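The values are calculated or read from the model by the stated rules, or taken from the named source; none is laboratory data. Small disclaimer: the values here were computed from a predicted structure and weren't measured. Here Cβ is always computed from backbone atoms with ideal geometry, including for glycine, and neighbour counts include all displayed protein chains.
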Amino acid sequence: MKTQKLTLTLPGKKVEYFLGENLLPVLPKFFKKTNTPAKILIIADSFVHKLYGKQIEKIFKSSGHHPEFVLISPGESSKNLNQIKNLYEKFCQLKISRNTSVAALGGGVMTDLVSFAASTFMRGLPLILIPTTLLAQADAAVGGKTGINLKQGKNLVGSFYHPELVLLDIQFLRTLSQKEIRNGMAEIIKMSLLEGEKGFQALEKASEEIQTCGRKASEEWSKKIRPYLYAAVRKKISIVEKDPYEKNERMILNLGHTFAHGIEAAGEYKTYSHGEAVAIGLVGACLLGEKIEKFPPEQTRRVEKLLSKIHLPIRYKKLNPIQVFDQMALDKKKTETIRFILPKTIGKVVICDKIAAAQVLDTLQMLKED
Ligand SMILES: NC(=O)c1ccc[n+]([C@@H]2O[C@H](COP(=O)([O-])OP(=O)(O)OC[C@H]3O[C@@H](n4cnc5c(N)ncnc54)[C@H](O)[C@@H]3O)[C@@H](O)[C@H]2O)c1
Ligand SMILES: [Zn+2]
């Protein structure tokens with residue numbers, strides 16, 4: 001299948017997204033066409049580097065490029081100020097300036113961290129994203145949000161900064177674990193709920209063949225997931241274009257995330273992964289949507305069925321609903337009340353700021369597995 005191109009158009013900037021297989025050889029052509037500096041520094045998740053570093057180096061060398069690599073330990077704990085300081089020091093040591101492209105190679109941790117460093121060093125270096133997890137390809141590498149964590153909270157420091165180019169290369173998906181696939185699938189399902197009946201039905205129909213079996217993904221599976229990844233990226237781009245700085249419309253991307261953040265935090269980020277919490281959170285949004293926005297209960301059942309088919313949880317165990325509620329209240333940003341994105345129907349959501357605590361608690365009780 002041919003490489004597909006999507007463009008995110010912003011005032012004064014166009015970001016190109018290429019989706020396909022074995023895309024790295026397009027980089028030299030892209031550099032030439034767009035005047036993006038061909039001198040490149042690749043900041044990579046060290047695990048991803050172990051899997052793909054040699055192959056990447058070979059591709060670059062065959063086109064006359066000699067990339068430098070900086071390796072970062074995998075995991076959320078690398079998304080911190082100390083790593084940013086290390087990166088700035090490395091940039092100085094390597095005499096990086098605006099005529100060097102900086103590339104992030106890895107999952108969402110790498111794209112968030114490197115994008116933040118690139119956005120702030122010398123007030124902005126040319127940036128290329130090469131996301132390697134399904135979650136990063138479908139979500140984190142799309143839309144220009146950068147972020148690092150403080151001990152007081154996740155993603156508290158960040159900026160809006162767009163790359164020149166994003167390579168969504170499905171070859172990387174073949175080595176993902178089941179856990180990482182499920183994390184990405186939760187966001188793809190969320191995006192299909194925002195997209196509408198057509199997109200959601202397509203996923204329902206495909207659920208049998210894209211539900212992942214075995215310990216790891218496969219080449220065959222990575223090809224099957226491609227149209228749904230494409231649909232998710234296209235949908236996110238269309239939302240971001242309408243509201244690049246998350247003042248309004250873009251908030252709908254948080255569908256399921258108010259419950260999810262509460263569930264993740266109540267489990268101290270150990271009990272549930274982000275994708276698992278999002279899956280439960282999507283069901284929470286449907287159940288609360290039933291109460292507040294007359295979301296049809298049969299649509300909630302369809303959402304539950306699809307999530308279960310993909311081996312994602314639809315109820316939480318062990319956690320205490322009051323604890324989850326407290327975490328949701330702590331997490332509230334900007335407004336005094338907790339903000340929810342609630343579905344009215346598949347494909348239509350509303351932003352709700354004023355929901356009685358009792359309704360939320362009631363939903364949290366329903367979300368707990370007996
Ligand atoms: N900026 C945004 O809009 C946005 C949106 C969603 C999530 N995020 C951020 O993304 C992060 C989560 O991203 P993630 O789930 O990709 O996590 P991650 O970057 O930690 O990657 C998950 C794991 O997968 C491994 N990995 C990466 N690519 C691989 C591959 N091809 N094969 C095998 N293993 C591979 C990594 O080494 C890591 O252990 C969070 O920090 C979150 O805040 C940002
Ligand atoms: Zn998410």
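Structural remarks
- Among the residues of the stretch 245-260, the ones that are part of a loop (DSSP other than H, G, I, E, B) and touching a Pro at 6+ places or on another chain (Cβ under 8 Å) come to 1 in all.
- Checking each residue in the stretch 245-261 for being modelled with pLDDT under 95 and within 12 Å of ligand 1 (Cβ to nearest atom) picks out only 246.
- Residue-level check: of (1) more than 17 Å from the chain's Cα centre (by Cα); (2) assigned to a helix (DSSP H, G or I); (3) surrounded by fewer than 21 Cβ atoms within 10 Å (Cβ to Cβ), residue 263 misses just (3).
For every residue, the table says whether it meets (1) surrounded by 18 or more Cβ atoms within 10 Å (Cβ to Cβ); (2) more than 21 Å from the chain's Cα centre (by Cα); (3) of a type in the set (Asp, Glu).
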position	(1), (2), (3)
45	yes, no, yes
48	yes, no, no
53	no, yes, no
75	no, no, no
85	no, yes, no
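- Every residue from the stretch 148-166 that is surrounded by fewer than 19 Cβ atoms within 10 Å (Cβ to Cβ) and of a type outside the set (A, V, I, L, M): 151, 152, 153, 154, 155, 158, 159, 160, 161
- Candidate set from the stretch 172-214 (those that are of a type in the set (S, T, N, Q) and within 16 Å of ligand 1 (Cβ to nearest atom)); member that is surrounded by the most Cβ atoms within 10 Å (Cβ to Cβ): 183
- In the stretch 328-343, the residue that is surrounded by the most Cβ atoms within 10 Å (Cβ to Cβ) out of those that are outside any loop (DSSP other than H, G, I, E, B) and at pLDDT below 95 is 328.
- Which listed residue, of 108, 147, is modelled with pLDDT of 95 or more, touching a Pro at 6+ places or on another chain (Cβ under 8 Å) and within 10 Å of ligand 1 (Cβ to nearest atom): 108
- Criterion (out of contact with any Ser or Thr (no Cβ under 6 Å at 6 or more places or on another chain) and in a helix (DSSP H, G or I)) met by exactly one of 69, 31: 31
- Restricting attention to the stretch 119-166, the residues that are within 24 Å of residue 100 (Cα to Cα), more than 16 Å from ligand 2 (Cβ to nearest atom) and part of a loop (DSSP other than H, G, I, E, B) add up to 9.
- The set of residues from the stretch 5-20 being of a type outside the set (Gly, Ala, Ser) and crowded, with 16+ Cβ neighbours inside 10 Å comprises 6, 8, 15, 16, 17, 18, 19.
- Residues located in the stretch 266-288, provided they are under 21 Å from residue 136 (Cα atoms), part of a helix (DSSP H, G or I) and not charged (D, E, K, R): 274, 275, 277, 278, 279, 280, 281, 282
- All of (1) more than 19 Å from residue 306 (Cβ to Cβ); (2) at pLDDT 95 or above; (3) polar (S, T, N, Q) hold for residue 177 with one exception: (2).
- Residue within the stretch 304-313 that is under 17 Å from residue 264 (Cα atoms) and buried (at least 16 other Cβ atoms within 10 Å of the Cβ) present: yes
- Total residues in the stretch 195-244, condition within 20 Å of the chain's Cα centre (by Cα) and assigned to a helix (DSSP H, G or I): 27
- Of the residues making up the stretch 34-54, those that are in contact with a Ser or Thr (Cβ under 7 Å, 6 or more places away or on another chain) and either of a type outside the set (Val, Ile, Thr) or outside any strand (DSSP E or B) (or both) are 36, 37, 39, 41, 46, 48, 51.
- Where residue 48 falls short, out of the listed (1) within 16 Å of ligand 1 (Cβ to nearest atom); (2) closer than 25 Å to residue 98 by Cβ; (3) of a type in the set (Val, Ile, Thr): (2)
- Selection count, the stretch 135-154, where residues are β-branched (Val, Ile, Thr) and farther than 22 Å from residue 228 by Cβ: 2
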